[in-house]
Amino acid sequence: MKRFLSKLVAMGLALGLSSCSCNEPKLPDYLNPEKDIEVRIDDAMSRMTLDEKIAIIHAQSKFSSAGVPRLGIAELWTTDGPHGIRPEVLWDEWVQAGWTNDYCVAFPALTALAATWNTDMAALYGKSIGEEARYREKDVLLGPGVNIYRSPLNGRNFEYMGEDPYLASRMVVPYVKCVQKNGVAACVKHYALNNSETYRHTTEPVVDDRTLYEIYLPAFKAAVQEGGAWSIMGAYNLFRGEHACHNDLLLNKILKEEWGFDGAVISDWGGTHDTREAITNGLDLEFGTWTDGLTMGKTNGYDVYHLANPYKELIKSGEFTTKELDEKVRRVLRLIFRTAMNTNKPTGSLVSDEHIEAAYTIGTEGVVLLKNDNNTLPIDLIKTKTIAVIGENAIKMMTIGGGSSSLKVKKEVSPLEGLRKRVGKDVEILYARGYVGDTTSVYKRVDSGQRLGDDRSEKELIAEAVEMAKKADVVLMFGGLNKAKKQDCESTDRAELGLPYGQDRLITALTEVTDNLIYINISGNAVAMPWIDSVPAIVQGWYLGSEAGNSLAAVLVGDVNPSGKLPFTFPVQLTDTGAHSMGEFSKNGEENYGEGLLVGYRWNDAKDVTPLFAFGHGLSYTTFEYGEATVSRKTMKNGGKVIITVPVTNTGSCRGKEVVQLYIADKKASVMRPEKELKGFVKVDLAPGQTEKVKFVVDTQALSFFDDKQHCWVAEPGEFEALVGAASDDIRTSVSFVLK
Ligand code: BGC
């Protein structure tokens with residue numbers, strides 16, 4: 001129907017219905033793409049009946065909402081998001097519909113994107129996934145996600161961009177902009193405070209205004225104000241007594257009034273709970289409330305949605321006028337005209353060579369070299385005769401599972417496959433499973449084709465791996481988490497920081513027979529590493545999507561010099577995080593975010609806690625030297641700017657990229673301020689011996705805190721320090737200046 005209607009509009013234009021020759025009918029304003037979008041909306045609304053208005057503000061199927069068929073206004077088709085375009089599902093069910101053309105490229109998970117610390121990568125990601133969405137005829141991409149990484153136990157961290165609001169803000173903007181260039185709306189999620197999964201429908205974070213504005217909102221604000229996001233998804237949780245999907249403070253006051261958001265607020269699927277609140281508190285488009293839809297009753301199941309018949313009845317009874325309805329319809333029509341009925345959008349493309357290349361490149365840039373004693377990496381392919389590859393994550397498909405971000409890829413290259421392809425016949429590669437984790441192969445009827453069942457005991461599996469390790473020159477262990485429940489998976493949180501499935505015992509056994517174990521951690525979350533001192537090289541390998549194996553192989557053998565940096569802290573133990581030390585995590589009902597502002601590295605700084613690996617940490621196969629930081633002027637006017645300059649030199653023997661990070665410290669303030677906060681980063685690409693003068697512009701906003709009494713950002717006069725370094729725990733140089 002949708003294709004037909006858009007064709008109809010196109011046909012009308014082709015027939016010249018818009019030209020004003022006297023005997024031809026004039027194209028109505030709402031169908032005329034040359035008219036201003038607000039004029040089109042006014043015209044469409046003037047023609048719509050009450051029933052038609054009600055029909056476009058709630059779902060008509062699992063992932064679509066109705067247009068206005070009588071007027072040729074197109075349906076709106078949404079899709080998950082955020083790592084690739086989800087397979088088609090049945091009209092009323094979550095399971096795949098069994099189409100054969102609904103595959104996609106899986107791009108690296110958003111944690112990996114954030115780990116690139118490269119805004120060009122975020123733009124490439126947005127462009128590529130936007131083109132795939134467009135080709136698959138989707139109007140709204142349900143992503144990206146920018147909830148802050150508060151605890152390593154949150155099952156959904158892999159879909160987000162880490163612990164720091166500044167990093168997430170810089171990365172989300174290009175993603176959103178480049179998706180939307182395709183005439184596909186980004187739907188930024190989950191607004192706001194969806195930081196745990198198990199009790200996501202009933203948890204109610206208790207967070208003060210300052211923490212809200214400084215930590216949990218900035219990435220959403222940037223997506224809206226700088227990225228120009230056309231839609232936003234309300235979160236499942238409650239905040240200050242109301243569900244986030246119909247929350248007066250979050251949606252009306254902050255998002256729409258303070259930030260001037262002109263797009264549509266879409267509920268998370270089943271996140272709407274109260275008709276009156278849904279009417280008054282900022283929700284525009286309701287999805288997923290009664291998902292059995294047509295199959296359960298004589299009437300259309302979607303008619304019982306809060307924003308369907310129940311709303312209509314309240315208008316008919318006189319309890320509500322159409323004031324709120326018209327506002328919702330206006331926003332939904334704006335979304336439809338920007339996307340589904342956008343006649344200027346490009347054609348898009350699916351599983352193109354460019355998209356596969358993009359997935360590969362983003363993946364290689366996101367890989368983080370956590371530890372590399374004695375230059376264990378890269379693997380020397382000339383000296384190496386035999387490589388033992390151990391671990392389930394060397395072979396397990398990771399693009400299915402994990403909840404709504406699960407995909408159906410045309411191809412996924414596993415780490416084992418990627419390595420085999422890269423090293424060719426000259427190096428022998430042996431494989432041992434090592435442990436058995438999650439053997440699921442079918443997810444929502446998408447079949448990975450893998451059959452991973454293995455009945456051997458832990459003892460047998462370890463013995464096999466150890467024997468193999470003894471025979472090899474290089475031992476690579478691919479372990480970590482996976483997309484099964486209670487791992488990196490929507491709707492459940494992890495049970496512990498430690499590695500599951502007895503992997504610690506396997507790693508320890510391997511370290512007893514080799515001094516050169518290389519551990520590659522596949523996860524979207526931090527894990528504990530009690531054996532760290534016995535393992536010389538450790539790599540954070542994320543979920544890298546379709547090209548995972550090729551990206552990892554390229555870094556492991558040194559085709560690509562690693563340049564990723566951690567977007568979140570790896571704590572030694574859970575109590576080394578603010579959330580688990582001072583706050584509560586994943587709770588039914590009120591959940592106290594007692595650590596306040598002290599999320600991630602802010603906690604380590606404040607409490608002098610040494611992390612396992614710090615925020616911003618990541619090594620390279622080359623080395624970088626930082627010269628002295630200088631400031632353009634020692635005093636800065638309020639509203640002014642200073643420029644911090646630092647020369648950075650590649651002092652090693654191969655080309656490499658370095659993420660130069662700027663943190664700001666407020667030396668004396670009337671309120672508690674984190675010891676330092678990220679306020680700039682630049683990724684430089686340097687040949688051996690090359691120096692670049694890296695520059696950061698620091699403005700008043702970078703010095704400000706949110707004053708919850710005055711309800712505004714304040715930069716207090718006084719001394720500030722600009723700290724420049726290679727990680728949050730590796731500051732190499734600093735310079736002070738004074739704000740007048
Ligand atoms: C998830 C969203 C997702 C939606 C549609 C919800 O359960 O929280 O992130 O976009 O389902 O699949």
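Below is a table of values for the structure above.
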{"quantity": "Among (1) part of a loop (DSSP other than H, G, I, E, B); (2) more than 16 Å from the ligand (Cβ to nearest atom); (3) open to solvent by less than 30 Å² (accessible area, probe 1.4 Å), the one test that residue 423 misses", "calculated": "(1)"}
{"quantity": "Top-ranked residue in the range 262-295 [being more than 15 Å from residue 142 (Cα to Cα) and acidic (Asp, Glu); ranked as modelled with the lowest pLDDT]", "calculated": "292"}
{"quantity": "Residue 527 being open to solvent by less than 10 Å² (accessible area, probe 1.4 Å), farther than 26 Å from residue 395 by Cβ, among the aliphatic types (A, V, I, L, M) and assigned to a loop (DSSP other than H, G, I, E, B)", "calculated": "no"}
{"quantity": "Test: residue in the range 164-176 that is in contact (Cβ under 8 Å) with a residue 12 or more places away in the chain, among the aromatic types (Phe, Trp, Tyr), in a helix (DSSP H, G or I) and more than 13 Å from the ligand (Cβ to nearest atom)", "calculated": "yes"}
{"quantity": "Within the range 82-117, tally of residues that are free of Cβ contacts under 8 Å to residues at least 24 places away in the same chain and either surrounded by 21 or more Cβ atoms within 10 Å (Cβ to Cβ) or within 15 Å of the ligand (Cβ to nearest atom) (or both)", "calculated": "2"}
{"quantity": "Whichever residue in the range 130-162 is aromatic (Phe, Trp, Tyr) and in a helix (DSSP H, G or I) and, among such residues, is nearest to the ligand (Cβ to nearest atom)", "calculated": "158"}
{"quantity": "Residue, surrounded by the fewest Cβ atoms within 10 Å (Cβ to Cβ), within the range 229-256, restricted to residues that are more than 21 Å from the chain's Cα centre (by Cα) and either β-branched (Val, Ile, Thr) or part of a loop (DSSP other than H, G, I, E, B) (or both)", "calculated": "241"}
{"quantity": "Residue check for residue 372: more than 16 Å from the ligand (Cβ to nearest atom), open to solvent by less than 10 Å² (accessible area, probe 1.4 Å) and in contact with a strand residue (DSSP E or B) (Cβ under 8 Å, 6 or more places away or on another chain)", "calculated": "no"}
{"quantity": "Filtered residue count, the range 48-81, keeping only those that are in a strand (DSSP E or B), more than 16 Å from the ligand (Cβ to nearest atom) and buried (at least 24 other Cβ atoms within 10 Å of the Cβ)", "calculated": "1"}
{"quantity": "Yes/no for residue 259 being away from the ligand (no atom under 16 Å from the Cβ), open to solvent by 10 Å² or more (accessible area, probe 1.4 Å) and among the aromatic types (Phe, Trp, Tyr)", "calculated": "yes"}
{"quantity": "Selection status of residue 556, crowded, with 23+ Cβ neighbours inside 10 Å, more than 28 Å from residue 656 (Cβ to Cβ) and assigned by TED's automatic domain parsing to the domain that holds residue 435", "calculated": "no"}
{"quantity": "Evaluation of residue 127 against (1) over 24 Å from residue 524 (Cβ atoms); (2) more than 16 Å from the ligand (Cβ to nearest atom); (3) basic (Lys, Arg) (one fails), failing number", "calculated": "(1)"}
{"quantity": "Cross-chain or 6+ apart pairs with Cβ under 6 Å, the range 250-278 first and within 27 Å of residue 226 (Cα to Cα) and among the aromatic types (Phe, Trp, Tyr), then within 16 Å of the ligand (Cβ to nearest atom) and in a loop (DSSP other than H, G, I, E, B)", "calculated": "269/287; 269/288"}
{"quantity": "Test: residue in the range 391-398 that is touching a residue at least 60 places away in the same chain (Cβ under 8 Å), assigned by TED's automatic domain parsing to the domain that holds residue 440 and farther than 30 Å from residue 614 by Cα", "calculated": "no"}
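The values are calculated or read from the model by the stated rules, or taken from the named source; none is laboratory data. Computed from a predicted structure; not experimentally measured. So basically every Cβ, Gly included, is an ideal-geometry build from the backbone, and we count neighbours across all protein chains shown. Areas reflect the complete protein model, heavy atoms only, side chains present, ligands, DNA and RNA absent. Shrake-Rupley method; radii C 1.70, N 1.55, O 1.52, S 1.80 Å.
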